[in-house]
Amino acid sequence: MLFEKITYQDDFPLKITIANIKEYPIHYHQDTEFVLVLKGEIALKNGYCTYTLKAGDIFTNSGHEVHSLTSTGEDNVVAVIQISTHYFSQYFPNLTKACYRTYTNKGQDKKHDTLREKLLEILLQYSIKGFNYKSECTYMMVDVIKYIDKYFNLFAFEGDVVVNFESGNQITIDRISRIIGYIYEFHSDQITLNDLADMEHLSTFYLSHIIKNYTGMNFREFLCFARVEWSEIDLLETNKKISRIARDVGFSTTSYYEKYFKKWFGTDPQTYREEHLPLVMSDIRQGVMFDLNSNETIAIIRKSLSSLSSQNPSKTHVNALKLELNVNTLAPVISTLDHYLDVMITLDDFRALGYSIFGLIADLNPRRVTILTKPEDTLSDINRVKILMTSAGFEVGLNDNINTNPTQSYGFDSIAYPIFLFNRVLKSKEQWIKLRLRDPAVTSDIIKGYPAVLTSEGIKKPVYYAYEALSAISGEIIYWGKQYCVIRSYHMNSPFFVIICCNFNEQIYNLCIGESTMQNVKDVINDFKDEIDISMNMSIDQGMYNIMKYSLTKGKGIFSYMSTMDFPESVHELQELPSIVSTQPDLDMYVEDVRATFNINFAIKGAGIQLAVISPKE
């Protein structure tokens, strides 16, 4: 079982393990793997080389490299990131042929620090399991591969180890990379220096000089090295005779193979097979490692990132609030939520939105629809709309008291309104919540600073989704803070939980209290760059749970779109806007197998809201 088949779950092309590793037996796989030591040290065998990796060291195992990890006796925490070559080859077609070396024995440098930071950010995003973390990790890994393609695709021999080779000549780097890839791909063929010279349009003399200069070996030695390295798989995975293995990897004679095998591995192939076969991964020799809990993992990763940041004082400083809460799900009730929505519409709304109005209202799940009438509305038109609404299943009321001069604040069109709404409603005792469906079309402006959930063109504002969520939430508030709220509810006598986290300041909250201009709202929201990171440990029963996380951010809303385009004055400048603008929250769904304490994290940069629903899987 030398070959390890890596299984990737839920369309996530990374497999990440963060653990205290005692032994990860000898194996190989088709996919690229990053080993990053977070704490302590570990011994890594790759081919004939054995490395002692210490905290901060990064080693990359390329596909088909035989390797293992073994504890040195010192306590360790090691991150192993395996990536799907099949998935990432769509971005990097040569990934299957790549041979990366990220290990250096020359101490820290800027390029290694940058790579280390990129990997730590992936590990942090994965450990926190913040909103849309799978996509975020995948995108960040694309950036990592671009980076190692540029800086870590060459290697050289230094004593008993193979290390990353650095060069400032990009043309030569690309050339050597192609040559190494070609030799590994066609190692079993009778490759000659002339073949490579023709491929690179160089003289054999000059090409021989380049290979020797960059790898530390001449062409013939390097070809034999590649053949010997590749033969290790057959030695430990098959019972082929040594003579057969020698022929299969390209050696003309067995003695020639044994000579070069001993040169690098220090012993003959048969002895190596006998000594290492018992150390190969198998059904009876599995890895021995102990996973860390998420809080320990996050703390170690943050400490490593903080150490890197302290070495780079040029980075922009932002306020970052980190909270860790232990949530007792049997905690006493602080207050009870039982709100009903009353959606107020006008006949003008019906005329502008047509029959789409029924779906827009239904998604808000109101208890009542109130028709706001004006003196110029005819009784027949009022009755017609009332009958249609009643037929659609809504309880309908009438009201002739329309506020024609509400407070004008463009905060109502932005992320500020949902933040204001959650904070006001969750604290209030009011049972009925009234809301206007649509901005009145009194001007041609796309956004009007009016406290409604739709623009006059029918585009959903961020607050539409906040009201949609509020209409679905009822239960008992058991934890409350400025940035968070934990709600316990029940479905068929089984508890489920809703968690709401907000990141804001008083200036953002106040945007929906007094009058605010477009530019004022834009400046207040864009100037708020603080971050919050909330980790909650919840004492819930063991079992499988569905997790749904929603995220409303400043960047995905009608106000942000208009701000980016410098607030165009008329919808006529953007004829297709209503049909192409998507303002709905980002959604992430996954299943968690809870065996001990359940941990969930919320990470918000800038003004925003995250909401999670945790429910038992039926």
Handout entry: Boolean, PRO418 is surrounded by 16 or more Cβ atoms within 10 Å (Cβ to Cβ), in the same structural domain as ASP342 (by TED's automatic domain parsing) and part of a helix (DSSP H, G or I)
Key = yes
Practice task
For LYS529, work out the one condition from (1) touching a residue at least 40 places away in the same chain (Cβ under 8 Å); (2) of a type in the set (D, E, K, R); (3) more than 30 Å from ILE298 (Cβ to Cβ) it doesn't fulfil.
Solution key: (3)
Exercise for the section: Might you let me know whether region 465-487 holds any residue that is without any contact (Cβ under 8 Å) to a residue 60 or more places away in the chain, touching a strand residue (DSSP E or B) at 6+ places or on another chain (Cβ under 9 Å) and of a type in the set (D, E, K, R)? Expected result: yes
Problem - Residue among ILE21, ILE6 that is outside any strand (DSSP E or B) and either in contact with a Phe, Trp or Tyr (Cβ under 7 Å, 6 or more places away or on another chain) or closer than 30 Å to SER135 by Cβ (or both) - result: ILE6
Fill in the blank from the handout: Of the residues in region 364-410 that are farther than 18 Å from TYR340 by Cα and among the β-branched types (Val, Ile, Thr), the one that is surrounded by the most Cβ atoms within 10 Å (Cβ to Cβ) is VAL385
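Which is of a type in the set (Val, Ile, Thr) and in a helix (DSSP H, G or I), of ILE402, ILE357? Steps first, please.
Details: ILE402 fails: in a helix (DSSP H, G or I).
Exactly one of ILE402, ILE357 is of a type in the set (Val, Ile, Thr) and in a helix (DSSP H, G or I), namely ILE357.
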Handout entry: Check on SER89, of a type in the set (S, T, N, Q), farther than 22 Å from ILE21 by Cβ, assigned by TED's automatic domain parsing to the domain that holds LEU14 and out of contact with any Asp or Glu (no Cβ under 9 Å at 6 or more places or on another chain)
Key = yes
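If you scan region 227-254, which residues turn out to be without any contact (Cβ under 8 Å) to a residue 12 or more places away in the chain and more than 45 Å from the chain's Cα centre (by Cα)? Outline the logic, then answer.
Taking region 227-254 and keeping what is without any contact (Cβ under 8 Å) to a residue 12 or more places away in the chain, we get 238-241, 243-244, 247, 252-253.
Passing the criteria: LYS241, SER243, ARG244, ARG247, SER252, THR253.
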Completion exercise
Counting only residues in region 1-27 that are charged (D, E, K, R) and touching a residue at least 60 places away in the same chain (Cβ under 8 Å), the one farthest from SER294 (Cα to Cα) is identified as GLU4
Problem - Where ASN46 falls short, out of the listed (1) closer than 17 Å to HIS64 by Cβ; (2) touching a helix residue (DSSP H, G or I) at 6+ places or on another chain (Cβ under 9 Å) - result: (2)
Completion exercise
Only unsatisfied item for LYS549, checking (1) part of a loop (DSSP other than H, G, I, E, B); (2) modelled with pLDDT of 85 or more, is (1)
Exercise for the section: Tell me, yes or no, whether region 57-73 has at least one residue that is closer than 19 Å to LEU124 by Cβ and either in a strand (DSSP E or B) or under 24 Å from the mean Cα position of the chain (by Cα) (or both). Expected result: yes
Completion exercise
Restricting attention to region 203-219, the residues that are within 19 Å of CYS99 (Cβ to Cβ) and either free of Cβ contacts under 8 Å to residues at least 60 places away in the same chain or loosely packed, with under 15 Cβ neighbours inside 10 Å (or both) number exactly 7
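Are any residues in region 421-444 assigned to a strand (DSSP E or B) and either of a type in the set (D, E, K, R) or in contact with a Ser or Thr (Cβ under 9 Å, 6 or more places away or on another chain) (or both), and if so, which ones?
Within region 421-444, the first condition is being assigned to a strand (DSSP E or B), and the residues that meet it are 432-438.
Passing the criteria: ILE433, LYS434, ARG436, LEU437, ARG438.
This table checks each residue for (1) modelled with pLDDT under 95; (2) closer than 28 Å to ASP566 by Cβ; (3) among the β-branched types (Val, Ile, Thr).
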residue	(1), (2), (3)
PHE350	yes, no, no
GLN408	yes, yes, no
PHE422	yes, no, no
VAL425	yes, no, yes
Completion exercise
For THR70, the lone unmet condition from (1) in contact with a Phe, Trp or Tyr (Cβ under 8 Å, 6 or more places away or on another chain); (2) surrounded by fewer than 17 Cβ atoms within 10 Å (Cβ to Cβ); (3) touching a residue at least 40 places away in the same chain (Cβ under 8 Å); (4) not hydrophobic (A, V, I, L, M, F, W, C) is (2)
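For every residue, the table says whether it meets (1) at pLDDT 90 or above; (2) surrounded by 21 or more Cβ atoms within 10 Å (Cβ to Cβ); (3) on the phi < 0 side of the Ramachandran plot.
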{"position": "GLU74", "(1), (2), (3)": "yes, no, yes"}
{"position": "VAL80", "(1), (2), (3)": "yes, no, yes"}
{"position": "PHE92", "(1), (2), (3)": "no, no, yes"}
{"position": "THR104", "(1), (2), (3)": "no, no, yes"}
{"position": "LYS118", "(1), (2), (3)": "yes, no, yes"}
{"position": "ILE128", "(1), (2), (3)": "no, yes, yes"}
{"position": "ASN132", "(1), (2), (3)": "no, no, no"}
{"position": "ASP149", "(1), (2), (3)": "no, no, yes"}
Fill in the blank from the handout: Note on TYR257: of the conditions (1) among the hydroxyl-bearing types (Ser, Thr, Tyr); (2) buried (at least 20 other Cβ atoms within 10 Å of the Cβ); (3) modelled with pLDDT under 90; (4) over 40 Å from the mean Cα position of the chain (by Cα), unmet is (3)
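The values are calculated or read from the model by the stated rules, or taken from the named source; none is laboratory data. From a predicted model like this one, the values you see are computed outputs, not experimental measurements. Positions of Cβ are backbone-derived with ideal geometry, glycine not excepted, and every protein chain shown enters the neighbour counts.
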